[in-house]
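Below: the structure, in structure tokens.
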Amino acid sequence: TLKNIKRNKKCTICIASAEFLEPLHKSSNTYEYNQSEVDELNILMEKIDNEYPDIVKGVPVAFLCEFHSIVELDGKTIPTILEIKKQYIDESVIDAKDEKFNISFEPLARVARHYGVINEKINSPKML
């Protein structure tokens, strides 16, 4: 993935819901450079913008990004800085009320070695 981002200078980041847990987790496995996790896992893709790589078909939200830079650190982790240029939001998760724009879905999150979803709304504290 990093080689592709550095070569193409663009990428998409899909924000998945729980229904995508298995392919999302398995796609994090190590694959040979010429081996596609999309093909290996039979992940369906969708073209939403001709300037950016495809997104996973059915994801509710995706960010279309351009490569900015890499942060050099000791160790195996390679922090990569991307700039979000466009955002895709599936109409099925948009809840428009009273001119407010709310997105209603439970994004899948990595929590340590596990996954979770946010299922409780917590109101912001009042500002002084």
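The values are calculated or read from the model by the stated rules, or taken from the named source; none is laboratory data. This is a predicted model, so every value here is computed, not measured. Don't worry about glycine lacking a Cβ; one is built from the backbone with ideal geometry, like all the others, and counts go over all protein chains shown. Ligands, DNA and RNA are excluded from the accessible area calculation, which covers all protein heavy atoms including side chains. Shrake-Rupley method; radii C 1.70, N 1.55, O 1.52, S 1.80 Å.
Loop-located trypsin sites (Lys or Arg not before Pro) in the range 10-111 (DSSP state not H, G, I, E or B) with no more than 10 neighbouring Cβ atoms inside 10 Å: K47, K76. Here is the list for the range 1-71: chymotrypsin sites (Phe, Trp or Tyr not before Pro) lying in DSSP coil, each with at most 10 other C-beta atoms within 10 angstrom of its C-beta, are Y33. A 1.4 Å probe over all protein chains sorts D39, D95, D49, D74 by accessible area into D74, D39, D95, D49, starting with the largest. Can you tell which of Y52, P125, A96 lies farthest toward the positive end of the dipole of the chain, using +1 and -1 charges on the Cβ of basic and acidic side chains (Lys, Arg; Asp, Glu)? Selected residue: P125.
Relative to the present Cα-Cα distance, how much length would full extension add between Y33 and N102 at 0.36 nm per residue of separation?
Full extension from Y33 to N102 adds 20.9 nm.
Once you mark the GluC sites (Glu not before Pro) that are in a DSSP loop and have at most 12 other Cβ atoms within 10 Å, what is the longest gap between them in the chain? Walk me through the intermediate numbers first.
Values: sites that count: E32, E51, E72, E99, E120.
Longest stretch, sites excluded: 1-31.
Cross-link partners of K100 among aspartates and glutamates, defined as those whose alpha carbon lies under 18 angstrom from its own and excluding same-chain residues fewer than eight positions apart: D90, E91. With the gyration tensor restricted to C-alpha atoms of the chain, the semi-axes of the equivalent ellipsoid amount to 27, 19, 18 Å, longest first. Which shape class applies to the range 1-56: rounded if a/c is under 1.5, otherwise prolate when a/b exceeds b/c and oblate if not, where a ≥ b ≥ c are the square roots of the Cα gyration tensor eigenvalues? It comes out oblate by the Cα gyration axes.
Taking 7 Å steps out from each Cα toward its Cβ at T77 and I118 produces label points 2.1 nm apart. For the chain, the relative contact order comes to 23 percent (Cα pairs under 8 Å, sequence separation of at least 6).
Only aspartates and glutamates eight or more places from K26 in sequence, or on another chain, were considered; those with a Cα closer than 16 Å are E37, D39, E40.
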